[in-house]
1. State yes or no: is Val268 open to solvent by less than 30 Å² (accessible area, probe 1.4 Å) and farther than 26 Å from Pro131 by Cα?
2. Is one or more of the residues making up the stretch 202-213 in contact with a Gly (Cβ under 6 Å, 6 or more places away or on another chain) and surrounded by 18 or more Cβ atoms within 10 Å (Cβ to Cβ)?
3. I'd like to know if the stretch 213-220 contains one or more residues that are in contact with a Phe, Trp or Tyr (Cβ under 6 Å, 6 or more places away or on another chain), without any contact (Cβ under 8 Å) to a residue 60 or more places away in the chain and within 21 Å of Met137 (Cβ to Cβ).
4. In the stretch 23-55, what residues are in a strand (DSSP E or B) and open to solvent by less than 50 Å² (accessible area, probe 1.4 Å)?
5. Report whether or not Ile9 is within 14 Å of Tyr83 (Cα to Cα), open to solvent by less than 50 Å² (accessible area, probe 1.4 Å) and either in contact with a helix residue (DSSP H, G or I) (Cβ under 8 Å, 6 or more places away or on another chain) or modelled with pLDDT under 90 (or both).
6. How many of the residues making up the stretch 186-223 are of a type in the set (Gly, Ala, Ser) and modelled with pLDDT of 95 or more?
7. Of these, Thr89, Thr100, which one is more than 18 Å from the chain's Cα centre (by Cα) and more than 16 Å from Ser203 (Cα to Cα)?
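The values are calculated or read from the model by the stated rules, or taken from the named source; none is laboratory data. All of these numbers come straight from a predicted model, not from anything done at the bench. Every residue, glycine as well, gets a Cβ built from its backbone with ideal geometry; the counts of neighbours run over all protein chains shown. Ligands, DNA and RNA are stripped out before the accessible areas are found, and what is left, the full protein with its side chains, is counted by its heavy atoms. Shrake-Rupley method; radii C 1.70, N 1.55, O 1.52, S 1.80 Å.
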Amino acid sequence: MTEDIPALIRAHLPGLAGLDITLLGEGTDHRVYEAGGWLLRVPRHGEAGAALEVEAGVLRWLAPQLPLPIPAYEVAGPEFAGYRTLSGTPGIGLQEPSPTLGTRLGTFLRALHDVDVGKAAALGVPPDDDPALSEWMAAARDDLDVAAGQHLVDPDVHRIIRPYLLEPPPRSPLPPRLIHGDFAAEHVLLDGSGDPCGVIDWSDMIVGDVAQDLGGLLHWGGPGLLEAALQTYGPVDHATRQRARVYATCRALGDLVFGEQTGRSAYVQAGQSALTRLFPDPPR
């Protein structure tokens, strides 16, 4: 670690000085820490710091418009940002969804996708740079081959998915909206009853296709969860459903490889479960 975390805390959140600091994770853009009930994000380069400031500002504007809590950054700058952690447990690995999970998530996504997209763009949310899904599908083909080589997918499933990922999906018939961009089980917090109580990790938020967020539901709980969500979200057209399935497939394959490479079995299981729901009973 190159940054002096205690010094950053003393400068920005002096009330946390002297408390234990735990590194929760790190990527190419940020390191994430926990201290005293706060989640602290430290950008690893200037571009990431600028993006974090934008994210914090957008979330402050967005929070009052949504029916579930989202991170409320109380400190946000180019070198350090922090918010009080939200209650709840990430939904990845959930075995039995609550009866109201889908409908409540549909209500949440409807509210998110209905916000003023022009205002979101003016606040700095970038547009989708891959509306044709070509990069998504290319990465998914690579992930599929890696997963097959590690015997994480059945050969018959591999035989079906490979050509599926070569066929361009339909164009989105809907105008771009503000989307979460990584609406996955691990980013939805659940309370003790299994109901959603918060949504975290907004760093991939873009102005793009709503099918990307809906694909997160399809990946998480299959057609049943998606249909439950659409009861409150509202109907969507066939092309959007097709695109959601592509996003869900790409996400599932990414989970397999990520889980295997990092030793996180919950992601491997989530990816395999998603593929089983998306491609049931392949012919042999």
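1. Yes: the conditions hold for Val268.
2. Scanning the stretch 202-213, I find at least one residue that is in contact with a Gly (Cβ under 6 Å, 6 or more places away or on another chain) and surrounded by 18 or more Cβ atoms within 10 Å (Cβ to Cβ), so the answer is yes.
3. yes
4. Across the stretch 23-55, the qualifying residues are Gly25, His30, Arg31, Val32, Tyr33, Ala35, Trp38, Leu39, Leu40, Arg41, Val42, Pro43.
5. yes
6. Result for the stretch 186-223: 5.
7. Working: Thr89 fails: more than 18 Å from the chain's Cα centre (by Cα).
Within the list Thr89, Thr100, the selection yields Thr100.
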